[in-house]
């Protein structure tokens, strides 16, 4: 009886096999197993995907489609990009549109330069190992986020009222201060969101890193900026893009406090309120579904531009910095 001797490991695919007679053969290569389709994944994903498609994807695509049509003799007729040209060049719509875009960017800037740094500061204080009662502070700081926008708007109107409030100047009644005041009211309500996001990342940083910095003689301020802050840069980018998307979609607070006209003299008018008046109409202004869809499409393009700037600008630099 001949013996088989292999020239490689017994489990090596395609190994050469030498018999006692000197004949060499090759073991057939083992085929990788194919995993079957996991149907249970579809069962869990399908409901959420169906709801998201029905209430998010379909309205978005239908708005994009509707922006390319215009009513002609009672029927919707394809007009291409004429609605966009009309929006950007009309003597009435164009100034209101660019005013809303500028105000929206200012509204976002207040949140970006005030809300997010305050949220980071509060998160750093809550993450301090010597702080007692952090759960209570965390809950108190996050409570405004859970309040209704109507309640927040009503309370702040009472607080800053020149009649029975704490200030003598009508901050919401002046064109120079109305938008910034509304933005700060929004900052007060939603500062808990970036605070919680930053706090979750800060408490996940290994204590060995901060202890090593302390041993090397670094104080708390240096440890935060030289050790902790570089580690939370990805979260800083995520919070920034979430703030941008949320503020470009803002509507409820300004509509609650100042109404659809976003006064005084459209000083607090943003894309959300401008879209509302264009689509549904208000007072003597007649609504138009096609022009409203055009405004909604412009909002989508502005949001998309900001998100792409984040992914191709900030995200790539952070990844190369970490590498």
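All of the numbers you see were taken from the coordinates with simple rules; none came from a lab. Keep in mind that this is a model prediction, so the values were computed, not measured. Neighbour counts are summed over all protein chains in view; Cβ atoms, including those assigned to glycine, are modelled from backbone coordinates with ideal geometry.
What ranking do 190-196, 291-297 get when scored by the average of other Cβ atoms within 10 Å per residue, highest first?
Values: 190-196: 21.6, 291-297: 23.7.
In decreasing order of mean packing, 190-196, 291-297 become 291-297, 190-196.
Largest first and in whole Å, what are the equivalent-ellipsoid semi-axes of the chain based on the Cα gyration tensor, each being the root of 5 times an eigenvalue? Provide the component values of the computation, followed by the final result.
Numbers: eigenvalues 572, 249, 59 Å².
After diagonalising the Cα gyration tensor, the semi-axes are 53, 35, 17 Å.
In what sequence, highest mean first, do 276-282, 225-231 appear when ranked by Cβ atoms within 10 angstrom? Mind dumping the intermediate values first?
On the way: 276-282: 18.4, 225-231: 13.9.
In decreasing order of mean packing, 276-282, 225-231 become 276-282, 225-231.
Show me the ranking of peptides 135-148, 97-110 by mean Cβ neighbours inside 10 Å, starting with the highest. Before the final figure, lay out each step's value.
Values: 135-148: 12.7, 97-110: 18.6.
By packing density, highest mean first, the sequence is 97-110, 135-148.
At a 10 Å Cβ-Cβ cut-off, how would you order 131, 126, fewest neighbours first?
With the sparsest Cβ surroundings first, the list reads 131, 126.
Can you give the angle from 0 to 90° between the axis of helix 134-146 and the longest principal axis of the chain, with both taken from C-alpha atoms, to the nearest 10?
60 degrees
Among 54, 302, 125, whose mean-square fluctuation peaks in a Gaussian network model of the chain (Cα, cutoff 10 Å)?
Of 54, 302, 125, the most mobile in the Gaussian network model is 54.
Normalised by the residues of the chain, what does the relative contact order come to in percent, with Cα pairs under 8 Å and at least six apart? List each step's numbers first, then the result.
Numbers: 347 pairs, mean separation 62.9, N = 323.
The value is 19 percent.
Of 52, 255, 199, how do they rank once you tally other Cβ atoms within 10 Å and put the fewest first?
By the 10 Å Cβ count, ascending, the order reads 52, 255, 199.
For 304, 66, which order do you get if you count the other beta carbons within 10 Å of each Cβ and list the fewest first?
Working: 304 11, 66 19.
Least crowded to most crowded, the residues run 304, 66.
Dividing the convex hull volume of the Cα atoms of segment 39-82 by its residue count, what figure in Å³ per residue is obtained?
Details: hull volume 3.8 nm³, N = 44.
Dividing the Cα hull volume of segment 39-82 by its residues yields 86 Å³.
Calculated from DSSP H runs of 4 or more alone, at -39500 (n - 2.57) each and per residue, what is the 222 nm mean residue ellipticity of the chain, nearest 500?
About -17000 deg cm²/dmol.
Would segment 56-104 count as rounded, prolate or oblate if I go by the C-alpha gyration tensor, calling it rounded below 1.5 in a/c and otherwise prolate when a/b exceeds b/c, oblate otherwise?
Values: a/c = 2.86, a/b = 1.31, b/c = 2.17.
The shape class here is oblate.
Between residue 146 and residue 284, what is the label-to-label distance in nm when each label sits 7 Å out along the Cα-to-Cβ direction?
4.7 nm
Against the longest alpha carbon principal axis of the chain, how many degrees, from 0 to 90 and to the nearest 10, is the axis of helix 271-280 turned?
70 degrees
Of the candidates 48, 250, 128, which one comes out as most mobile in a Gaussian network treatment of the chain with C-alpha springs shorter than 10 Å?
Comparing 48, 250, 128 in a Gaussian network model of the chain, the most mobile one is 48.
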